[in-house]
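Visitor: Supplied in structure tokens, the structure appears directly below.
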Amino acid sequence: MAPKHVPMRTCIQCREVRPKRQLVRIVRTPQGGIEIDERGKAAGRGAYLCRDRACWEEALAAQSLDHSLKVKLTGAVRAELLAFGRALPHTSETSDEKGDAAAPAVEG
Ligand SMILES: [Zn+2]
């Protein structure tokens, strides 16, 4: 099968380029609200973050989202986005799962 064209997007925080479906779109709606646009279809200015909570926490801490969306996020919006991000897995660490038993524990 010929590979289908996969739309790629860049995470605004870690700058990783990934297939669009592996990212979450946050959109500033024409009404000025901020929404998590899971389907990636909403009208408005969008920004993408990995499905990795580290990117969400860092983007909120560094105000990367504010810059990308050209908006000042309110406390309520930040809390909502942070809650969403924290519900996501740590995808960048998935490769560690199988090697866990082999790796010697390093302590101290
Ligand atoms: Zn990222």
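Visitor: When the residues of the stretch 32-50 are narrowed to those that are touching a helix residue (DSSP H, G or I) at 6+ places or on another chain (Cβ under 6 Å) and within 10 Å of residue 11 (Cα to Cα), which ends up nearest to the ligand (Cβ to nearest atom)?
Guide: Taking the candidates together, the pick is 49.
Visitor: Looking only at the stretch 38-50, decide whether some residue is in contact (Cβ under 8 Å) with a residue 24 or more places away in the chain and of a type in the set (Asp, Glu).
Guide: No, because not a single residue in the stretch 38-50 is in contact (Cβ under 8 Å) with a residue 24 or more places away in the chain and of a type in the set (Asp, Glu).
Visitor: Name the residue that is farthest from residue 90 (Cα to Cα), counting only residues in the stretch 21-44 that are of a type in the set (S, T, N, Q) and surrounded by 13 or more Cβ atoms within 10 Å (Cβ to Cβ).
Guide: 29
Visitor: Does residue 18 satisfy the condition of being within 16 Å of the ligand (Cβ to nearest atom) and surrounded by fewer than 19 Cβ atoms within 10 Å (Cβ to Cβ)?
Guide: Criteria met by residue 18.
Visitor: Moving to a separate point now. Please work out which residue is nearest to the ligand (Cβ to nearest atom), limiting yourself to the stretch 21-30 and to residues that are within 19 Å of residue 43 (Cα to Cα) and within 10 Å of the chain's Cα centre (by Cα). Outline the logic, then answer.
Guide: Quick first cut of the stretch 21-30, residues within 19 Å of residue 43 (Cα to Cα) only: 21, 23-30.
In the following step, the residues that additionally are within 10 Å of the chain's Cα centre (by Cα) were identified as 23-26.
Working: 23: 8, 24: 10, 25: 13, 26: 12 Å.
That would be 23.
Visitor: Looking at the stretch 45-60, can you tell me whether even one residue there is loosely packed, with under 13 Cβ neighbours inside 10 Å and within 22 Å of residue 5 (Cβ to Cβ)?
Guide: The answer is no, given that none of the residues of the stretch 45-60 is loosely packed, with under 13 Cβ neighbours inside 10 Å and within 22 Å of residue 5 (Cβ to Cβ).
None of the figures in this text is laboratory data; all of them are computed from the coordinates on show. In this text, all values refer to a predicted model and were calculated from it rather than measured experimentally. Using ideal geometry, Cβ is built from the backbone for each residue, glycine included, and neighbour counts are taken over all protein chains shown.
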